[in-house]
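The next block holds one structure in the form of structure tokens; read it before the comments.
Only the coordinates and a few stated rules stand behind these numbers; no lab work does. Everything numeric here is computed off the predicted structure, so don't read it as measured data. Ideal geometry is used to build each Cβ from the backbone, glycine not excepted, and the neighbour counts take in all protein chains shown.
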Amino acid sequence: MAAPGTTIDENFITHEKGLLSWLTTLDHKRIGVMYLMCVLGAFLLGGTAALVVRTELWTPGPTIISHDVYNQAFTLHGAAMVFLVIIPGIPAALGNIVLPLMLGAKDVAFPRLNLASWYLWVIGALFLIASLVTNAADTGWTFYTPYSTTTTTSVIPAVFGAFILGFSSIFTGLNFMTTIHKLRPPGMTWFRMPLFLWALYSTAVMQVLATPVLGITLLMLIVERAVGIGIFDPKLGGDPVLFQHFFWFYSHPAVYIMIVPAFGVVSEIFPVFSRKRVFGYKFIALSSVAIAILGFLVWGHHMFTSGQSVVASTVFSAITFLIAIPTAIKVFNWVTTMYKGAVHLETPMIYSLGFLWVFTIGGVTGMFLSVMSTDIHLHDTYFVVAHFHYVMMGGAITALLGGLHYWWPKMSGRMYNEKLGQVSSLIVLFGLNLTFFPQFIMGSRGMPRRYYNYLPEFQEMHQLSTIGAYMMGLGFVITAWYLIVSLKKGRIAPANPWGGHTLEWHCSSPPPYYNFHDAPVITEGPYEYADWTYDKKIGGYVRKGQ
Amino acid sequence: MSEATTADKTHGADGHDHSGHGEFPFLAHHFDTPQQQFETGKLGIWLFLVTEVLFFGGLFCAYALYRSLHPEVFEYAHFFLDTKWGAINTCVLIFSSVTAAWAVRNAQLKQTKMLVINIAITILCGFGFMGIKYVEYSHKIHDGLLPGSHYQPTLHAWDTPAYKAKYGSGEHATSPAAPHGKAAAHDKGVAPTEGAPASEAKPVPFSERKVGPHEFNVEPRNVNRFFAIYFCMTGLHGIHVVVGIGIWVWLLIRASRGEFGPQYFGPIDYAALYWHLVDLIWIYLFPLLYLIH
């Protein structure tokens, strides 16, 4: 294996110079970095829209914007966060940077397809923005018919953007599946793969199998809106509930496309920062696969009130309960990994602990919603909003931030300011709970989601929620600031600042252009920390005998 | 888009020879052997085909739903389609699949001349298919057999061989307000709201018109749905044929340069697999749309 040097003379960043060398690169690390910048830019866009929505809800009735603009703002927030940020966030950005490194491969299986999928992301994002600047769609990110085929806002660019982003996601998934199957070096057996790769693999399966259905659905929606073919339009004999079935056939697995990679990230962080081998490796690995399979069979739980038959609803409800089992297996194994470990509370670990806490709340409240009788009461209230924000924001985004800090030294070659990282992570986690916990209470008392106006008794809760949103915004601004500063002024990162044993920590930071000088030979699992000791001189871990 | 994909997939190679694979000019730097590269591409194209099946799956699902809920619409409307053209197109595509499969064998054995010939035949068949599709589509458009609110058939629409074979010609049970003479003049005055010729007496409402086979005294509701599904399915399939033609043209150029041989025939193999899938989808579409009983 490559010597744990700290050279940043020759690496993937300095290998070639100029903007064009980035835009035409086939290197997975560079594509991952470009993805990361775009995803974070879209996060700023979606986050701004969220703050507009929260500010508007400071008082009942009009506060800063009209009700039409409000509808457009929450649609933009939802569509940008789902399609532009969370779905590509961990797999396409972080995954691209570290997947081949962790696997011991030189690149992903299809480097050009990888670049093409980044360009598709950019084109899809441009279409979403085109809708925004013309007459932003006000359908919500779900594009339900028949409203989406009759509203006067520019739905077609937004839907077409989501269609293209779907293909970007499919190509990433296809690439990752093939890479993991075919490019494992000698000794890298399935059960020696880091758990992040198991999570990315399960995610890729869902991306490949679910997203095409979204593609055809959105295509039919576009044709419906453009020429009125009547597949979803009840006036012409079409069936709008069919749209909902198609949409959720994708969009429920999409929820797992968003959260399973997050499971993978924290599965890396917990053992490394507990200095202890991960507990229940096979259970964590295979529970990702179980979630991927079960995730395809639960879409109907979004439609308990859509006129679905009671039998179907009962079956969907029962399968939804089952998903709690593999998810709980993961949570118990992470907790047990920390048990009697030497827990280090650096920023990635704080985010992971926060993840454990808020994701568990999000997951358990999902169980409330999968019970048909309670769902009738809670359907389309802020309870649902709070539930999926605890999972998406508290789960996926928290893990994205954890992973970003964890791999930041590896991808940038610099250390960020640890103190600021710890402080801002606590601000973000506190703000997150302040934003969404009041929404559980409001929702259970009957505050409907997506409403512009509300009864005066909900005002306090709404204001707490808005304060929390601004607190999170503050945390993100601090994070962005110290990360950017670290690029210039940060301490030069050692090869292995955290003491991880997965293969990316065996190369220099940042990694060389070809990842590995010689194909690595793997003789043990990825969580054996006994050989790594902390070296004060270089501020990182070194392996015995090297 | 699909083209870019397949292009990428069939071709991760293009000569980036960074790590001394001198003897294999098409081996990409991140693979160790041509065998590994071929197997990787093969898995990639199969996964891509899975996504294609699911992509069409949505439309097949819509077909199954509407046909099971409204069989009378499909029973009624399939007479508008021309089985003869559909059958010819089926033969054309199956034949082109044979030449595509043969081309793979040619590439493996480095029979460059036969490879070029077989690819060229496959391309011609693709064009032939699209030509026939053009004839069929222009008939439909001409006769007003369109999806959704655009469905406004002329009486002329019943001049199909399937209908004549079953009921004989001249059997149009036309309504009193729309006599035979108007049919020849491509009368479109059937919808109650628009397009009615001013000179005629008040047109009979569309739902009460007596056209078509005798067992359908009155046209079933929402026949437009059949045409929505017909145009979506065959249209999407047609787009895939066009993309396939593009890929074959590109491979024809590469084949004529003699680039393929026993060590490197992946792109031909992958393109043929894609072409077989496109063929297979048509083999399902033909009976589902044309041969309804």
*What is the ratio of the Cα radius of gyration of the stretch A:109-203 to 2.2 N^0.38 Å, where N is its residue count, to two decimals?*
1.46
*When Cβ neighbours within 10 Å are restricted to other protein chains, what is their mean count per residue of peptide A:238-247?*
2
*FRET efficiency, A:Thr59 to A:Phe430 (Cβ-Cβ, R0 25 Å, nearest 0.05)*: 0.55
*In nm², what is the average projected area of the convex hull enclosing the Cα atoms of the stretch A:156-239?*
6.7
*asked:* With bins 10 Å wide starting at 0, give me the P(r) of the stretch A:414-464 over every alpha carbon pair, in whole percents.
replied: 22, 37, 20, 15, 7, 0
_FRET efficiency, A:Phe191 to A:His517 (Cβ-Cβ, R0 30 Å, nearest 0.05)_ = 0.70
*Starting from the Cα coordinates of the stretch A:449-507, work out the convex hull volume and express it per residue in Å³.*
166
*asked:* Could you work out [θ]222 nm for chain A from helices alone, using -39500 (n - 2.57) per DSSP H run of at least four and dividing by all its residues? Round to the nearest 500 deg cm²/dmol.
replied: -21000 deg cm²/dmol
*For the stretch B:22-167, how big is the tail of P(r) above 19 Å, as a whole percent of Cα pairs?*
72
*Determine the sum of side-chain charges near A:Gly490: Lys and Arg each +1, Asp and Glu each -1, restricted to other residues whose C-beta is under 15 angstrom from that of A:Gly490.*
+4
*With a Cα-only, solvent-free Debye model of the protein assembly as shown, what are the log10 I(q)/I(0) values at q = 0.10 Å⁻¹?*
-1.12
*So what does the Cα-only Debye profile of the stretch A:208-262 read at q = 0.19, 0.26 Å⁻¹, as log10 I(q)/I(0), no solvent term?*
-0.65, -0.96
*Quote the convex hull volume per residue of the stretch A:287-422, based on C-alpha atoms, as a whole number of Å³.*
126
_Just the number: Rg to Rh for the stretch A:186-308, Cα atoms, Kirkwood Rh, two decimals._
1.16
_Among A:Thr502, A:Ile31, A:Met206 - extreme Cα towards positive end, dipole of the protein assembly as shown, charges at beta-carbon_ = A:Thr502
*asked:* Under the rule that an exposed site lies in a DSSP loop and has at most 16 other Cβ atoms within 10 Å, name the longest stretch of chain A with no GluC sites (Glu not before Pro) of that kind, not counting the sites themselves.
replied: A:17-523
*Take the Cα atoms of the stretch A:66-160, find their three principal axes, and give me the spread along each one in whole Å, biggest first.*
53, 22, 19
*Among A:Lys182/B:Lys133; A:Lys29/B:Lys42; A:Lys17/B:Lys110; A:Lys182/B:Lys110; A:Lys282/B:Lys42; B:Lys84/B:Lys110, which pairs are too far apart, with a Cα-Cα distance over 32 Å?*
A:Lys182/B:Lys133; A:Lys17/B:Lys110; B:Lys84/B:Lys110
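Please work out the ratio of the alpha-carbon Rg of the stretch A:238-359 to 2.2 N^0.38 Å and round it to two decimals. Provide the component values of the computation, followed by the final result.
Details: Rg = 17.5 Å, N = 122, 2.2 N^0.38 = 13.7 Å.
That ratio works out to 1.28.
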*asked:* Using +1 at the C-beta of Lys and Arg and -1 at the C-beta of Asp and Glu, which of A:Gly41, A:Thr55, A:Leu76 has the Cα lying farthest in the positive direction of the dipole of the stretch A:26-115?
replied: A:Gly41
*10 Å Cβ neighbours from other chains, averaged over peptide B:24-37*: 3
*Under a Cβ-Cβ cut-off of 15 Å, what is the net charge of the residues other than A:Leu242 that fall near it, where Lys and Arg count +1 and Asp and Glu count -1?*
0
*Order these peptides, A:294-301, A:482-489, B:225-232, by their mean beta-carbon neighbour count within 10 angstrom, highest first.*
B:225-232, A:294-301, A:482-489
_Can you bin every Cα-Cα distance in the stretch A:406-546 into 5 Å intervals starting at zero and give me the percent of pairs per bin, rounded to whole numbers?_
2, 9, 13, 13, 12, 10, 9, 8, 7, 7, 5, 3, 1, 0
*Most exposed first by the Cβ proxy, i.e. fewest other Cβ within 10 Å, how do B:Ile281, A:Ile325, A:Ile229 rank?*
A:Ile325, B:Ile281, A:Ile229
*Residue farthest toward the positive end of the dipole of the protein assembly as shown, with Cβ of Lys/Arg at +1 and Asp/Glu at -1: which of B:Phe231, B:Ser96, A:Gly237?*
B:Ser96
*asked:* What are the extents of the Cα atoms of the stretch A:143-195 along their three principal axes, in Å, largest first?
replied: 58, 16, 12
*Report the net charge of residues surrounding A:Asn417, where surrounding means a beta-carbon distance below 13 angstrom and charges are Lys +1, Arg +1, Asp -1, Glu -1.*
+3
_log10 of Debye I(q)/I(0), alpha-carbon scatterers only, for the stretch A:1-92 at 0.13, 0.14, 0.17, 0.25 Å⁻¹_ = -0.62, -0.67, -0.80, -1.15
